[in-house]
Amino acid sequence: MNGIVLYGSFHGTTEYFAQLISNSLGLQCENVHNFNIQDIDLYDFFIIGSAIQKFKFHPAVNNFFNNNADALKNKKIFLFISCYNPLILNDIFSQLNSEIQTSIKISMVLGGKINWKKLGFVEKLLVYGISLIHKVKLKNFDSINLKRVDKFIDKIKKNL
Ligand SMILES: Cc1cc2nc3c(=O)[nH]c(=O)nc-3n(C[C@H](O)[C@H](O)[C@H](O)COP(=O)(O)O)c2cc1C
């Protein structure tokens, strides 16, 4: 079985997870934005990682799913999410069309990281707003847990 790791990341956390996973499984790793869709049939499975902003998938991941629903029908998809809220998975999953949902064999939230210094002005305002509304401290938030990454990799191995 041939697979690839694709990711959509704003500030590098999702890319970091993608590289850990691809190194561990010996797979190629690419920014989903650069993936040549004509290559889709070279792969049997796709490990796809998305950062979440404003309760939505990274736009490049969203486009990948929406534009290729048909081609992805017979592929296995393993989805990981990088965000602060571990409870977001059901909501985010329901944003996908039903065909893609059926192809997704495993989905997991791997944790998130917010490096305040890396954020632009509008992002800081958004994060500040979210932290007030959801009563969570998000400035320099870090919930990365490598044990969860190992668990995700183990689950993938069992489902190939
Ligand atoms: C502007 C902004 C909006 C965000 N919105 C959400 C959100 O709606 N839900 C959530 O769980 N995490 C949210 N986060 C947290 C990010 O998903 C988290 O920091 C993630 O690790 C970022 O991944 P990246 O470094 O690959 O971009 C937000 C972060 C930023 C900067």
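Looking across the range 133-144 at every residue that is closer than 14 Å to Lys54 by Cα and more than 8 Å from the ligand (Cβ to nearest atom), the one that is farthest from the chain's Cα centre (by Cα) is identified as Ile133. Restricted to the range 94-112, and to residues there that are under 12 Å from Phe78 (Cα atoms) and in contact with a Ser or Thr (Cβ under 9 Å, 6 or more places away or on another chain), the residue that is surrounded by the most Cβ atoms within 10 Å (Cβ to Cβ) is Val109. Against the definition (away from the ligand (no atom under 13 Å from the Cβ), of a type in the set (Lys, Arg) and over 23 Å from Asn2 (Cα atoms)), how does Lys147 come out, yes or no? The answer is yes for Lys147. Hey, can you tell me all the residues within the range 119-128 that are near the ligand (Cβ under 9 Å from one of its atoms) and exposed (fewer than 12 other Cβ atoms within 10 Å of the Cβ)? Listed by number, the residues that qualify are Gly120, Val122, Leu125. Quick check on the range 105-118. Is at least one of its residues of a type in the set (A, V, I, L, M), modelled with pLDDT of 95 or more and out of contact with any strand residue (DSSP E or B) (no Cβ under 6 Å at 6 or more places or on another chain)? Yes; the residues of the range 105-118 include at least one that is of a type in the set (A, V, I, L, M), modelled with pLDDT of 95 or more and out of contact with any strand residue (DSSP E or B) (no Cβ under 6 Å at 6 or more places or on another chain).
I'm trying to understand the selection: among the residues of the range 42-76, which are in a strand (DSSP E or B) and within 29 Å of Val127 (Cβ to Cβ)? Scanning the range 42-76 gives Ile47, Ile48, Gly49, Ser50, Ala51, Ile52, Gln53, Lys56, Phe57.
The values are calculated or read from the model by the stated rules, or taken from the named source; none is laboratory data. What you see is a predicted model; the values in this text were computed from it and never measured. Quick reminder, even Gly has a Cβ in these numbers, built from the backbone with ideal geometry, and neighbours come from all protein chains shown.
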